[in-house]
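Read the figures in this text as sums done on the coordinates, not as results from a lab. Not measured: the values here are computed from a predicted model. Note that each Cβ is placed from the backbone with ideal geometry, even for glycine, and that neighbours are counted across all protein chains shown.
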């Protein structure tokens, strides 16, 4: 078996990765996600991409060890999904359908955040370790748990949903999930912006953020680096809430390390250093010192983790 494919399905693009069996990325490309297609039709587009690439390599389906595919939603152990809201798919068994379209080829399916965690363990920040927990800070707060080299998806596919750990019972506003006080309300990009706007209302001190009609999470982090005290108040709240949540996760799964990725992580070591400090404040003595590091794979984490699904 010479090749494997890693496929990362998103609401806008499908990222395709073509690897050798050792996990070396040979090529990668993107194709648009056609939201007018139903799930089976959408998967047939992916199947045709796989066949086309193998034909270009003058290879056959028998030269391919399999396809790993990751999606932005819960995946059950049998490879089925209850639904995929980003693409308006109803319930379907992704593994079964795609494998059938590829003449019985080995197909594995996982949640995208879980796969990114697996990719980081295989070729990224956790290389050489056996376990990690990854947290992605972007539009939401995603997460993935890998123990002994295996994804821990949970009974209903909700394993690793760190963004919905409750860290503030006093919160009055609702999270997108319907609960109140979730990590996501503070540590996702919209959450950091929300908290920063509150601090600007409550603290009348000068701030770089007041000079902007609107601002992004990156603007908040840049203001912190520039010494902006009001921005730093919001940033400290974000890091405290995340550190508190990770301290709880640490005594649940006791990983070798935590990996932080996603758009906000581009702020760099200021994130990991500050979260680590709060983690130590909340952590049980036996898990103190658990490293918290930045992800290394960036946008390739999904396709690399997807490929690992069929090589492990």
If I model a spin label at residue 59 and residue 203 as a point 7 Å from the Cα along the Cα→Cβ vector, what separation in nanometres do I get? 5.4
In the chain, what percentage of the DSSP-assigned beta bridges are antiparallel, given to the nearest 5? 60
Sequence-separation-based contact order of region 127-295, relative, with Cα cut under 8 Å and 6+ spacing, percent: 23
Please determine, in degrees from 0 to 90 and to the nearest 10, the orientation of helix 229-253 with respect to the longest principal axis defined by the Cα atoms of the chain, where the helix direction is its Cα long axis. 50
Given the -39500 (n - 2.57) contribution per DSSP H run of 4+ residues, what per-residue ellipticity at 222 nm results for the chain, rounded to the nearest 500 deg cm²/dmol? -11500 deg cm²/dmol
Computed over the chain: relative contact order in percent, which uses C-alpha pairs under 8 Å that are six or more apart: 21
Would region 65-121 count as rounded, prolate or oblate if I go by the C-alpha gyration tensor, calling it rounded below 1.5 in a/c and otherwise prolate when a/b exceeds b/c, oblate otherwise? oblate
Taking the highest mean first, how do the peptides 303-309, 79-85 order by number of other beta carbon atoms within 10 angstrom per residue? 303-309, 79-85
Using mean Cβ contacts within 10 Å as the protection proxy, how do 149-159, 87-97 order, highest first? 87-97, 149-159
Calculate how steeply helix 112-123 sits against the longest principal axis of the alpha-carbon atoms of the chain, using the helix alpha-carbon long axis, and give the answer as 0 to 90 degrees to the nearest 10. 80
Listed residues 236, 201, 101; largest mean-square fluctuation, Gaussian network over the chain with Cα springs below 10 Å, found at 201
Compute the long axis of helix 269-282 from its Cα atoms, compare it with the longest principal axis of the Cα atoms of the chain, and write down the angle in degrees, 0 to 90, nearest 10. 70
In whole Å, what is the distance between the alpha-carbon centres of region 121-167 and region 53-92? 20
